[in-house]
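A short write-up of the structure that comes next.
Any read-out appearing in this document is the output of simple, stated calculations on the displayed coordinates, not a laboratory observation. Being a predicted model, the structure only gives us computed values, none of them experimental. No Cβ is skipped: glycine too gets one built from the backbone with ideal geometry, and neighbour counts run over all protein chains shown.
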Amino acid sequence: MPATGRIMHKSTESMRRVLLLVACLGVTGALMAQPITKSTYNSMLQVAEEKLEAKDYYNALDYYERAYEEKENRDLLPMIAELSLKVRDYAKARRTYANVFRRADEGEYEEMRYNYGLACKGYERYDEAIEQFQLFIESSNDETMKDLARNQITGAEMAKAFDSQRSDDLPEPDRISRKVNQAFSEYSPAYSRSGNLYFSTFPSEEVIIVETEGCEGCYSMIYKSNVDEDGDFEDPSELPPTINRPGYHTSGVSFDREGTTMYYTQAELQGNTVKSSRIYASLGGEDDWDAGNELIGVNGEWVAMHPAPGELFGSKVLFFVSDMDGGEGGLDIYYATYKSEGVYGDPVNLGPKINTPADEVTPFYFDGTLYYSSDGHPGLGGQDIFYTVWNGSFWSEPKNMGAGFNSAQDDQYFRLDNEGYKGFFTSNRPGGTSVYSRTCCDDIYGFEIEKIEADLIVGVFDDQKKVIKGSTVDLKVRAASMTRTIDQQTNNDGNRFDFMLDLEETYQVIASKEGYYPDTALIATVGLKESRTFEQRFYLKPLPPPEPTEPTEPEGPLYDTVTIEQAIVLENILYDFNDDKILPAAESDLQVILELLYEYPEMVIEMGSHTDVRGDDDYNQNLAQRRAESARTWLLERDIDPNRIQARGYGEEVPQTVSERIAGQYDFLAVGDVLTEEFINNLETEEQQEAAHQINRRTEFKIVEGPTSITIQRTRLLKKDGEEGADASNKPKPDPRVHPLSSLYGRTTPELNGLPLMVFEDRTHDFGNMERGDVRSQVFKFTNEGDGPLKISVVSACDCTTTDYPTKAIAPGESGQIKVTFDSTDKEENEIIDVDIILEQSDPDGTPIIEKLRYKYNLIQ
């Protein structure tokens, strides 16, 4: 924990000099005592001053205490308090600071109240700590230190909150084997590729007596402890002198993901502070490490330590800690980009979001997340463990790992294994084995994170809930407006399908069987907090039996060949008069088109819509365009690339020409008749005229790009029995408030009873022209116009999109907003991107409600 000065240095520059081995090695240093001889008060005081000058704080404290016992000179108490804090004896430091201020004159020693607060905090007396930090803020003129004191107050308040909300959900790290954790500090634990433990400590189980320079056991070394078949640690063995260089403190071990490069630090100390420190790398693996070589680029006229390999901007980098000039103050975290073996580019400071005027140490990078320890951000104790996430362009705001991982003392060296479910960190929290005070020395603590897994069980039945054998289930991953098939299974012996799912994905599941309409569902694993098995049952509706064939035609299904630019009427896509909404009867034809688009992935189609001749020409043109867009939207909601579907409204300009099929359905029409306004007006009855108008109100599809012809079973696009189409006025109408980009689209008002209804001011946005690398945001405002609470489970989009949305339930009548931020850094072409909003509430069929937002942009090359 940071302390300052001979009594107290007021500048933040001094903070770099008082870290003991907490800064260098991650923990307190060895207790290096001098031989005890009979001394006078003056000689003890002289030795204490010499040890303090040499930054040998343990021995300085020992001699000051002996001198105080000799004469009880209260002038020595401030120094004893400061040195007790430096060696992390918080109980003694708090007690001694209290004695100092109990007898101090008004205004005396006010600069020491910051350290007094640290001692109280380390001893878990948070109210006392807050009081001392507040008094320090009132008396100090150092704005930097006052800011740090405010952060300490925030951290103490956090610690009090954690104390009052203790729960079984908190992580419970355990001290690992006594074969590893002994009397001295252990630090810089790291997993090797094979799962063995590397760490650093001093090769002694007792207080080291310093009689001469270069005493045996005075230098920390890297050790290795193999893990046996039962998962227990074996007796540690030190690495050879080619790594543990005699006369240097060797520590800070870490490995690259491949396990073939080991990084570490070699340091020289002056007393208990760092004199010099440089980073080395050794090639090899496990029992065969080459002699280490000093890295070029990260080392210089500064302290360099705590190496941690990682990745930024698609390149390998090395994170490390340094006190070089130009930083935020104290020790900062930097990164340098890999150039070649042993050579790195210029160091880059991670900036004020990560680094503070205090100290940031022991970085560790894992899959886009940087873990590190800091005593400058609000924390529960001295050095707390924090994490920040890299989104490809910048780091997120650092977050405290919370109680369990953090304590009132120093917690450092957070590490994970290659899978990310087991790890270590070091702490001097009470309960460890120490050669001095209860909190002098660090032990290694281990923890395991529950592995969150997701799988999917699919059952396929018919609409009578009977098992369907021989069905096929496709599993697709959704990304932006496209889907990608990752698995397909056919079960000829049963109806069960099992899939393993990745986390943080949105899946589309499609069940199909010849002779049945296919069905689809969405499954989202985004934001899971615990393992989950998803179950999805499909109840497929059988296709209607094929129409009888003429005797002259061969037995079996008839097929039509559709050529490019040939318009095919979708007989079931009919509309109510003067309306553009897709009727439920239309979904069978649209499902066929959806299947064809899946079957022919290069095919681009036009959805053309036509009106009858009644009404204003411009109005009919607009109505036709809206109808074509409605059909297109239905397909886009099933994750078809928007670039594959063109919507065109023809209005009344292309009346239908009667085909053989239409003539067979209407005896008053002949093949070749063109249903113009004049022709219709000359029909004998109003019923015939209305039927002709209905035939003109049609939607067609035709191939405009891709295959020159496709083959399709004729009955798939025939009109379904009992579906009267446009003028079935007795049918309930879909609720007009529901947008086509909602999975509730087409539902009637009674079907929405008890459900939330997410009504946006605008669901789409055009970011316009953007250069690659531009970042833009848009806020989408909505109101819950339903009569049930609206709670967002997760918002899912592509990696280029980040979202901010309300996590509390939105009551009926209340409003909210969703902020969507788009980063174009990795984009190479224009796109239309969907943002899926998955609600906790489900539709009447039990499927989670999904709302969509959509945005587009024009990338300037």
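Highest mean first, what order results for 92-102, 405-415 on Cβ atoms within 10 Å?
Numbers: 92-102: 19.5, 405-415: 26.5.
Going by the mean number of other Cβ atoms within 10 Å, highest first, we get 405-415, 92-102.
Remark: the range 446-463, residue by residue, has Karplus-estimated 3J(HN,Hα) of x, 8, 10, 9, 4, 6, 7, 10, 9, 9, 10, 10, 10, x, 10, 10, 8, 6 Hz, where x stands for each Gly or Pro and the curve is 6.51 cos²θ - 1.76 cosθ + 1.60 at θ = phi - 60°. In this entry, the range 223-275 is assigned a mean projected area of 5.2 nm², taken as a quarter of its C-alpha convex hull surface. For the range 768-785, putting each phi into the Karplus relation 6.51 cos²θ - 1.76 cosθ + 1.60 with θ = phi - 60° gives couplings of x, 6, 9, 8, 4, x, 5, 10, 10, 10, 9, 9, 9, 9, 9, 10, 7, 8 Hz, in residue order, rounded to whole numbers and with x for Gly and Pro. Bin by bin, in steps of 10 Å, what percent of the Cα pairs in the range 322-373 do you find, going until the bin that has the longest distance? Values per bin, smallest distances first: 24, 50, 25, 1.
To the nearest µm²/s, what D does Stokes-Einstein give for the range 229-337 at 20 °C and 1.002 mPa s, using the Kirkwood radius over alpha carbon pairs as Rh? Numbers along the way, then the final one.
Values: Rh = 15.1 Å.
Value of D from the Cα-based Kirkwood radius: 142 µm²/s.
Once you list every other residue whose beta carbon is under 15 Å from the beta carbon of LYS781, what net charge do they have if Lys and Arg are +1 and Asp and Glu are -1? The partial results should precede the final answer.
Details: positive: ARG763, LYS819; negative: GLU761, ASP762, GLU785, ASP804, GLU814, GLU851.
Summing Lys/Arg as +1 and Asp/Glu as -1 gives -4.
Using alpha carbons only, the radius of gyration of the range 73-121 set against its Kirkwood radius gives Rg/Rh = 0.93. Taking 25 °C and 0.890 mPa s as conditions, the range 64-165 diffuses translationally at an estimated 175 µm²/s according to Stokes-Einstein applied to its Kirkwood radius (Cα pairs).
Taking all pairs of distinct Cα atoms, average 1/r, flip it, and tell me the Kirkwood hydrodynamic radius of the range 625-675 in Å to one decimal place. Don't skip to the end; give the middle numbers.
Numbers: mean 1/r = 0.0759 Å⁻¹.
Averaging 1/r across every pair of different Cα atoms and inverting gives 13.2 Å.
Could you work out the Kirkwood radius for the range 366-496, taking every pair of different alpha carbons, averaging 1/r and inverting it, reported in Å? Kindly include the intermediate steps, with their values, before the conclusion.
Numbers: mean 1/r = 0.0522 Å⁻¹.
Hydrodynamic radius (Kirkwood, Cα only) of the range 366-496 equals 19.2 Å.
Compute the whole-percent fraction of alpha carbon pairs in the range 442-548 spaced more than 19 Å apart. So the portion of pairs separated by more than 19 Å is 51 percent. Ordered from longest to shortest, the equivalent ellipsoid semi-axes for the range 806-861 are 30, 15, 9 Å, each the square root of 5 times a Cα gyration tensor eigenvalue. Taking the empirical scaling 2.2 N^0.38 Å for compact globular proteins as reference, the range 258-305 has a Cα radius of gyration ratio of 1.29.
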